[in-house]
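*Asks:* Pasting a structure below so you can have a look.
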Amino acid sequence: MIVESFIRSAENARLHEVTSVNLSRHGVAFSSPNPLVVSATYIVEIGIGEQRMMSEVRIVSCREDSNGLFEIGAEFC
């Protein structure tokens with residue numbers, strides 16, 4: 001099954017693709033080629049097959065991994 005995941009800031013309609021999505025009841029974790037500001041709010045869009053989910057999230061963590069990607073943790077608002 002193909003999972004499509006994107007994030008965008010509330011001020012900017014430009015979508016940025018994210019990978020390695022881990023979804024829970026309270027939030028989402030993902031990898032991004034770009035860092036995101038902790039405490040900032042974003043819109044996350046996740047598509048699994050025909051199902052789509054869109055939600056506002058607040059970034060709670062952002063750290064660079066050994067591959068140069070950023071591991072992002074976010075909670076649903």
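*Asks:* Of the chain, which part is the longest with no trypsin sites (Lys or Arg not before Pro) in a loop (DSSP not H, G, I, E, B) and with at most 11 other C-beta atoms within 10 angstrom?
*Replies:* Between exposed loop sites, the widest span is 26-77.
*Asks:* Just want to confirm a number: the relative contact order over region 10-77, from Cα pairs under 8 angstrom separated by 6+ residues, in percent.
*Replies:* Here the relative contact order equals 32 percent.
*Asks:* Which values of log₁₀ I(q)/I(0), to two decimal places, follow from the Debye formula for the chain at q = 0.15 Å⁻¹ with a uniform point scatterer at every Cα?
*Replies:* -0.45
Bear in mind these aren't lab numbers, they're just calculated from the coordinates by the rules spelled out. Since the structure is predicted, the reported quantities are computational estimates derived from the model, not experimental observations. Because the Cβ atoms are built from the backbone with ideal geometry, glycine has one as well, and the counts that use them run over all protein chains shown.
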